[in-house]
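Heads up, the thing below is written out as structure tokens.
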Amino acid sequence: MSKKLWGLVIVALFYAFAGCAFAADKPLVVGFSQIGAESGWRTAETESVISAAKELGIDLKFSDAQQKQENQIKAIRSFVAQGVDGILLAPVVETGWEPILNEVKKAKIPVILLDRGITVDDESLYVCKITSDFVFEGKTAAEWTVKELGGQGNVVQLQGTPGASAATERQKGFEDELTKTPGVKILESQTGDFTMELGKQVMEAFLKKYGKDINVVYAHNDDMGLGAIQAIKEAGFKPGEDIKIITVDATKAAFEAMVAGDMNAVVECNPLLGPLAYETLKKAIAGETIEKWIVQKDELFTKDQAASVIGSRKY
Ligand code: GZL
């Protein structure tokens, strides 16, 4: 090979190496489309994703959709326009994602779903989902309810956001398990949209309709359960005794309510997904094979454990 050609090869290799070195130092740019700030759990998840980005030197573009899917879609389109390296999406509902995720796929940007799932025909539209097993959470709540009632009693159900996988699957897990115990009946189910305010309003209506016939409240998250406790007190009943409450999430507020005797049990749902989200995204960018569903392990906590556990809780 001529000296001139060798010279060109060496120059090319130098820029290739410099480029890699520069690329290795360039911070990862990640877009995060968050649902909103509807609950203590959601706030804890946001804090986890933001703080992990700071610790890892990741350039995070954060968007709060205020519970609206159209805002999430706009945010994702903006992330594509900015040429981010990866997208984290906490999908407010399960459906309606194909068009925008096809735009992301064309741009060859990996998408990781956080804390809720989506329903799409083409599962290549996202790398994986990192969520709890909501059916397990619902089943666990039902097992506790049946045991607490001795197989006989009435339940009201405060459902989460309509169309959200966390709500549909917590309901499915709960109701499927209750079919084994016909003596435990669900008097009525209604959405409180995962918020304390609406949870209280719905519980006020249930109390007007059923009063002391209600034995247990099953709330799909702590915030609606805490709202129900307010309504129960204002109606002159003793929460935790006259009417028992089981919720899902296991935020510190729920533990405080159990210590106070107002709440009876809670099924944990881990919101601290930030570090795992970035670890998984980096693997995806490096071309590693990722399992489609990375399940978070959850467990039940009851009132009598609350005082000894509350000090170790991280959210
Ligand atoms: C669960 C998450 C739910 C929480 C609620 O992964 O999607 O949404 O249980 C939150 O507190 O609003």
Filtering region 236-268 down to residues that are assigned to a loop (DSSP other than H, G, I, E, B), surrounded by 24 or more Cβ atoms within 10 Å (Cβ to Cβ) and in contact (Cβ under 8 Å) with a residue 60 or more places away in the chain yields A250, T251, N264
Residue check for Y210: crowded, with 22+ Cβ neighbours inside 10 Å and at pLDDT 95 or above: no
Only one of K208, K233, K185, K212 is outside any helix (DSSP H, G or I) and of a type in the set (K, R); which? K185
If I go through region 109-152 residue by residue, how many of them are open to solvent by less than 10 Å² (accessible area, probe 1.4 Å) and within 15 Å of I186 (Cβ to Cβ)? 4
Are any residues in region 153-177 among the basic types (K, R) and open to solvent by less than 50 Å² (accessible area, probe 1.4 Å), and if so, which ones? R170
Suppose we filter K54, K105, K61 for residues that are modelled with pLDDT of 95 or more and out of contact with any helix residue (DSSP H, G or I) (no Cβ under 9 Å at 6 or more places or on another chain); which single one remains? K54
Whichever residue in region 215-230 is part of a loop (DSSP other than H, G, I, E, B) and within 16 Å of the ligand (Cβ to nearest atom) and, among such residues, is farthest from R42 (Cα to Cα): H220
Considering only region 31-65, how many residues are among the polar types (S, T, N, Q) and more than 13 Å from the ligand (Cβ to nearest atom)? 3
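The values are calculated or read from the model by the stated rules, or taken from the named source; none is laboratory data. Values in this document were obtained by computation on a predicted structure and should not be read as measured data. Here Cβ is always computed from backbone atoms with ideal geometry, including for glycine, and neighbour counts include all displayed protein chains. When the accessible area is computed, the model is the full protein with side chains, heavy atoms only, and any ligands, DNA or RNA have been set aside. Shrake-Rupley method; radii C 1.70, N 1.55, O 1.52, S 1.80 Å.
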